[in-house]
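Peer 1: Input: one structure, supplied below.
The values are calculated or read from the model by the stated rules, or taken from the named source; none is laboratory data. This one's a predicted model, so the numbers in the text were calculated from it and none came from an experiment. Cβ sites come from the backbone with ideal geometry, for glycine too, and all protein chains shown count toward neighbours. Areas reflect the complete protein model, heavy atoms only, side chains present, ligands, DNA and RNA absent. Shrake-Rupley method; radii C 1.70, N 1.55, O 1.52, S 1.80 Å.
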Amino acid sequence: MTVREILKMGDARLLRVAEPVQTFDTPELHALIADLHDTMVAVNGAGLAAPQIGVNLQLVIFGSTAMNPRYPGRPLVPRTVLLNPVITPLGAEEEDDWEGCLSVPGLRGVVPRLSRIRYTGFDEKGTAIDRTVDGFHARVVQHECDHLIGKLYPMRVRDFSRFGFTEVLFPEISAAEDD
Ligand code: NI
């Protein structure tokens with residue numbers, strides 16, 4: 001299991017549309033997920049998508065604990081491995097909140113996201129996942145799945161007066177961050 005290099009914004013590999021995973025429950029897939037997990041944990045991330053380590057597959061992992069210093073006070077999101085995800089909007093309501101991204105180190109921005117979504121897909125064994133979620137959980141899923149269509153959160157920012165350096169905007173978070 002290896003902590004992998006996370007690609008940073010500007011790398012063309014982050015702009016690709018990812019390919020669906022064709023075969024589940026293989027040693028290669030489990031090894032890839034272990035690397036994603038180790039990489040995410042090493043930098044206190046709340047989620048990581050395979051394209052962020054240069055693997056062009058529709059695979060994201062996410063989940064937060066109450067102790068995550070990058071996201072203090074945020075609600076828990078269950079640890080999830082999600083392959084070939086499909087997001088269905090449930091209503092048109094959006095909400096604004098701050099986001100960061102391990103591929104965009106040192107910055108935060110306010111991003112509008114759908115308040116409520118259904119998402120479907122598969123876990124690493126091929127078991128179906130079908131969840132209806134809202135709030136922070138819905139935001140995390142939308143952010144991670146954007147990585148599978150070549151979108152980074154700054155492309156979703158509408159109000160650039162609320163986009164800046166974490167160390168300036170949130171000094172208490174910045175102190176706990178690696179980036
Ligand atoms: Ni991200």
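Peer 1: At 7 Å along Cα-to-Cβ for each site, give me the label-to-label distance between V157 and N56 in nm.
Peer 2: Roughly 2.8 nm, to one decimal.
Peer 1: Just the C-alpha atoms of the chain: what Rg/Rh do they give, with Rh taken as the Kirkwood radius?
Peer 2: On the way: Rg = 15.4 Å, Rh = 16.4 Å.
Taking Rh as the inverse mean 1/r over Cα pairs, Rg/Rh reads 0.94.
Peer 1: At what distance in angstrom do the alpha carbon centres of segment 8-52 and segment 120-179 lie from each other?
Peer 2: Computed from Cα coordinates, the inter-centre distance equals 14 Å.
Peer 1: Tell me the per residue accessible area of the chain using a 1.4 Å probe; a whole number in Å² is fine. All intermediate terms of the calculation are to be shown ahead of the outcome.
Peer 2: Values: 8600 Å² over 179 residues.
Here the per-residue accessible area is 48 Å².
Peer 1: Taking θ as phi - 60°, what are the ³J(HN,Hα) couplings along segment 154-161 by the Karplus curve (6.51, -1.76, 1.60), each to the nearest whole Hz, with x for Gly and Pro?
Peer 2: Result, rounded to whole Hz: x, 5, 9, 5, 9, 10, 6, 6.
Peer 1: Using only Cα atoms, what Kirkwood radius does segment 1-53 have, in angstroms?
Peer 2: Values: mean 1/r = 0.0833 Å⁻¹.
Result for segment 1-53 stands at 12.0 Å.
Peer 1: Here's a follow-up. Can you give the relative contact order of segment 12-178 as a percent, counting alpha carbon pairs under 8 Å and 6+ residues apart?
Peer 2: Details: 321 pairs, mean separation 41.9, N = 167.
For segment 12-178, the relative contact order is 25 percent.
Peer 1: Please compute the modelled spin-label separation between T127 and F24, points set 7 Å along Cα→Cβ, answer in nm with one decimal.
Peer 2: 0.9
Peer 1: So, how do all the Cα-to-Cα distances of segment 22-119 break down into 5 Å bins, in percent, from 0 on up?
Peer 2: Spelled out per bin, shortest first, that is 2, 11, 19, 23, 22, 15, 6, 2, 0.
Peer 1: Taking H placed 1.01 Å from N in the peptide plane, check which residues at least 5 places from S115 or on another chain put their amide H under 5 Å from its amide H.
Peer 2: Amide H neighbours of S115: E93, E94, E95.
Peer 1: If the label point is 7 Å along Cα→Cβ of V17, which residues in segment 114-144 have backbone nitrogen under 20 Å from it?
Peer 2: 120-122, 142-144
Peer 1: With label points built 7 Å along Cα→Cβ from the Cα atoms of R118 and V43, find their separation and express it in nm.
Peer 2: 3.4
Peer 1: Let me ask another. Dipole magnitude of segment 12-178 about its Cα centre, charges +1 at Lys/Arg Cβ and -1 at Asp/Glu Cβ only, in debye to the nearest 20?
Peer 2: On the way: 16 positive and 22 negative charges, 57 e Å.
Here the size comes out at about 280 debye.
Peer 1: Still on this model: For a protection proxy built on the mean count of beta-carbon atoms within 10 angstrom, sort 122-129, 111-118 highest first, please. Can you show the working numbers first?
Peer 2: Details: 122-129: 13.6, 111-118: 18.4.
Averaged packing, sorted descending, gives the order 111-118, 122-129.
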